[in-house]
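Colleague: Would you mind keeping the following structure in view while I ask a few things?
The values are calculated or read from the model by the stated rules, or taken from the named source; none is laboratory data. Quick caveat, the model's predicted, so the values are computed rather than measured. Cβ placement follows ideal geometry from the backbone for every residue including glycine, while neighbour counts extend to all protein chains displayed. For accessibility, only protein heavy atoms count, side chains too; no ligands or nucleic acids. Shrake-Rupley method; radii C 1.70, N 1.55, O 1.52, S 1.80 Å.
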Amino acid sequence: MVIGIDIDGVLAKYNEALAVVVEQARSLPPGTLKAPTGWNFPDWDLNRESFRVYHSVLMTNIVDMDAYSNASEVVNELAKEHTIKIITSRGSARLHDAEMRPRVYKGTVDWLQKHNIPYNDICFVENKSQVHADVYIEDSPAHLESFIETNKRYIIYSHRYNDHIKEDLLRTSNWIEIFDKICHLKANSWPRK
């Protein structure tokens, strides 16, 4: 089975790391900003340009971002029997200029190595539904909606900002549950050809 896995908000604690960047820039006490309820961080009072600035600051220190509990262990177990594709929109032209993109790509590979996350392929793309996988693990509402429109199978890495998306295979923020679901799918000979 080919498993397509997003990084930010799925493997990496992106929202938590971005909150630290924004709090420091605004001289707010640590922990002031809570988990975002909307994809574009409306409760943090970010507009498109301020988000780009904070995101770029975060991407310069990408290697320091923490991974979610059990992500590395589960992906290592899955990699023993499945093809792992890391599918990320990091480095997209809408977020990074041409000078920044190579640093983001290198930082991403360095982050995956630092956190011992194996992969067979890494894809830096805007439209994730154009990359083949039998199942995707994703948090972005826009990408999840694209999977729905193109009849792709997906596991939602659950955050408050994607609560409105219809569940397909599973909704969770627990890597052990993701492992169990994929083992169940494999045991039932899914996907059927």
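Colleague: Hand me the list of strands (runs of 3 or more DSSP E) wholly inside region 70-144 holding 3 or more residues that are aliphatic (A, V, I, L, M).
Modeller: The strands (runs of 3 or more DSSP E) meeting that bar are 83-88.
Colleague: Continuing with this model, one more query. Give just the number: which of (1) open to solvent by less than 30 Å² (accessible area, probe 1.4 Å); (2) under 19 Å from I137 (Cα atoms) does K80 not satisfy?
Modeller: (1)
Colleague: Could I ask something else about it? Determine, yes or no, whether E73 is loosely packed, with under 13 Cβ neighbours inside 10 Å, under 24 Å from D121 (Cα atoms) and in contact (Cβ under 8 Å) with a residue 12 or more places away in the chain.
Modeller: Taking the combined requirement at face value, the residue does not satisfy it.
Colleague: Please determine whether any residue of region 40-47 is in contact with a Ser or Thr (Cβ under 8 Å, 6 or more places away or on another chain) and open to solvent by 70 Å² or more (accessible area, probe 1.4 Å).
Modeller: Within region 40-47, one or more residues are in contact with a Ser or Thr (Cβ under 8 Å, 6 or more places away or on another chain) and open to solvent by 70 Å² or more (accessible area, probe 1.4 Å).
Colleague: Here is a list: I122, I62, I117. Which entry is aliphatic (A, V, I, L, M) and under 22 Å from E177 (Cβ atoms)?
Modeller: One residue alone meets the criteria, I117.
Colleague: Among the residues in region 138-146, are any over 29 Å from P42 (Cβ atoms), open to solvent by 60 Å² or more (accessible area, probe 1.4 Å) and out of contact with any helix residue (DSSP H, G or I) (no Cβ under 8 Å at 6 or more places or on another chain)?
Modeller: no
Colleague: If you don't mind, another one. State the number of residues belonging to region 63-81 that are at pLDDT below 95 and out of contact with any Lys or Arg (no Cβ under 8 Å at 6 or more places or on another chain).
Modeller: Number satisfying all stated conditions: 1.
Colleague: Which of the residues that make up region 145-180 are assigned to a strand (DSSP E or B) and either touching a residue at least 24 places away in the same chain (Cβ under 8 Å) or aliphatic (A, V, I, L, M) (or both)?
Modeller: Within region 145-180, I155, I156, Y157, L170 meet the criteria.
Colleague: Identify all residues within region 91-124 that are under 27 Å from R48 (Cα atoms), buried (at least 16 other Cβ atoms within 10 Å of the Cβ) and out of contact with any strand residue (DSSP E or B) (no Cβ under 6 Å at 6 or more places or on another chain); write none if there are none.
Modeller: Within region 91-124, L95, H96, R101, V104, Y105, G107, T108, W111 meet the criteria.
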